[in-house]
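Each value in this text was obtained by applying a stated rule to the coordinates, not by laboratory testing. Bear in mind the structure is a predicted one, so any value in this text is a computation, not a measurement. Virtual Cβ from ideal backbone geometry, glycine too; neighbours counted across all protein chains shown.
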Amino acid sequence: MKLVQIYDPKRGIQAGKLEDGHVFPVIYEQKGVRSLLDLVQYAAAVKMDLHEVVEELVAKEPIATSWESLNTAPDSNRPYLAIPIHPPEVWACGVTYKKSAEFRDEDTQTSKGIYDYVYFARRPELFFKGRAGHCTGSNDFIGLRCDSKFTAVEPELAVLIDSQKKVLGYMAANDVSAWDIERENPLYLPQSKIYRGCCALGPVLVTADALPDPYRLKVSCTIRRGASILFQGETTVGMMKRRIEELIDFLFLANTVPDATVLLTGTGIIQTEEAALQENDVVEITIPEIGTLRNMARRVG
Ligand code: DO4
Ligand code: MG
């Protein structure tokens, strides 16, 4: 099942189910359920699976606007596809793929070996990535820090979880990162990772029941500047060294995790420095079962 959020100028954010090219609203006014976050919290309260709650509440008639015209750049004067969920917290795992460990050790000469250590260690790298306000949906902008000259894409599988460790669904994600700031000194990691527009999620949320084997998912990425393709890369989630459950277990260690937290699982695609993002570059991250997450780069001051 594919779930979305639609922004409507008259109604605001509204959850919906995408089926056969139409979006069917999923709301429950009496219980204050309008957004996907409301739905996740409601499902947790009534102890039901997300897809079951959706089947109970989904409207019979789709909204009038077609999927093609919803899936375009945000314009507050007409309905558009918004970020699938506004997560209270986003966390991210790092160096879960060999490529990421090798690249970062080569790149950070001052601390050779720290990434290789984490790649093999029992404890994974886990860092706070932000809140809903740092995130952006498909067709919207991703941020380039004004103090970074090498901001890179990190195409990743994002997992939506509840406060009881249950995996609710999956999205494509971009853990946009200022690699030159991380490279200068690993202690600058939070500044390279957390800023306006640092995390893209979408284009839809696919519920966990529909993707029983997430390790089979293929992830690909293209960076375009005008008519030119600057970079292309691909991987599969099966190349990841760790299991998703293992990453979730570490996130919950001595930590209270709210319903609808998003966990990014790390990148297996390493872009080139020649393709360092510039304003108006277009990044497409595709996971065929989920769709294409498309974003434009914009400088944030
Ligand atoms: O340690 C740096 C971050 C690594 C990361 O975000 C990744 O491997 O995806
Ligand atoms: Mg990452």
Choice from Ile269, Ile244, Ile142 with maximal GNM fluctuation in the chain (Cα, 10 Å cutoff): Ile244
Candidates Thr96, Thr256, Thr72, ranked by Gaussian network fluctuation over the chain, Cα under 10 Å, top entry: Thr256
Prolate/oblate/rounded label for the range 2-82 (Cα gyration tensor, a/c 1.5): prolate
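Once the other residues with Cβ under 12 Å from the Cβ of Thr136 are scored (Lys, Arg +1; Asp, Glu -1), what is the net sum?
+2
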Residue-count net charge about Thr235 - beta-carbon cut-off 11 Å; Lys, Arg +1, Asp, Glu -1: +1
DSSP-loop chymotrypsin sites (Phe, Trp or Tyr not before Pro) across the range 32-116, with at most 15 other Cβ within 10 angstrom: none
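Quick one: length gained pulling Asn185 to Arg123 fully straight, 0.36 nm per residue minus the C-alpha distance?
Details: separation 62, 0.36 × 62 = 22.32 nm, distance 2.12 nm.
Fully extending the segment from Asn185 to Arg123 adds 20.2 nm.
Which of rounded, prolate, oblate describes the range 40-175, given a ≥ b ≥ c as roots of the alpha-carbon gyration tensor eigenvalues and a/c under 1.5 marking rounded, otherwise prolate only if a/b is larger than b/c?
Numbers: a/c = 3.00, a/b = 1.56, b/c = 1.92.
In terms of gyration-tensor shape, oblate.
Where does the charge balance sit around Lys2 when Lys and Arg score +1, Asp and Glu -1, over other residues with C-beta under 11 Å from its C-beta? Before the final figure, lay out each step's value.
Numbers: positive: Lys17; negative: Glu19, Asp20, Glu289.
Computed value for this residue: -2.
Mind listing which trypsin sites (Lys or Arg not before Pro) in the range 18-125 are in a DSSP loop and have 12 or fewer other Cβ atoms within 10 Å?
Answer in residue order: Lys47, Lys60, Lys112, Arg122.
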Gyration tensor verdict on the range 95-198 (Cα atoms; rounded if a/c is under 1.5, prolate if a/b is larger than b/c, oblate otherwise): oblate
Cα long-axis angle, helix 98-107 against the chain (0 to 90 degrees, to the nearest 10): 50
More than 31 angstrom apart: percent of Cα pairs within the chain: 25
Highest-MSF residue in the chain out of Ser66, Ser163, Ser228 [GNM, Cα springs under 10 Å]: Ser228
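For the chain, what is the relative contact order in percent, using Cα pairs closer than 8 Å and at least 6 residues apart in sequence?
Values: 748 pairs, mean separation 66.0, N = 301.
Relative contact order for the chain comes out at 22 percent.
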Angle between the chain longest axis and helix 36-45 axis [Cα atoms, degrees, rounded to 10]: 80
The range 2-82, dipole about Cα centre (Lys/Arg Cβ +1, Asp/Glu Cβ -1), debye to the nearest 20: 260
Leading residue at positive end of dipole, the range 90-300 (Cβ point charges), from Tyr215, Phe128, Phe150: Phe128
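What is the magnitude of the charge dipole of the range 90-300 about its Cα centre, with +1 placed on the Cβ of each Lys and Arg, -1 on the Cβ of each Asp and Glu, and no other charges, expressed in debye to the nearest 20? Write out the running numbers ahead of the final one.
Values: 25 positive and 28 negative charges, 38 e Å.
Using only the charged Cβ atoms, the result is roughly 180 debye.
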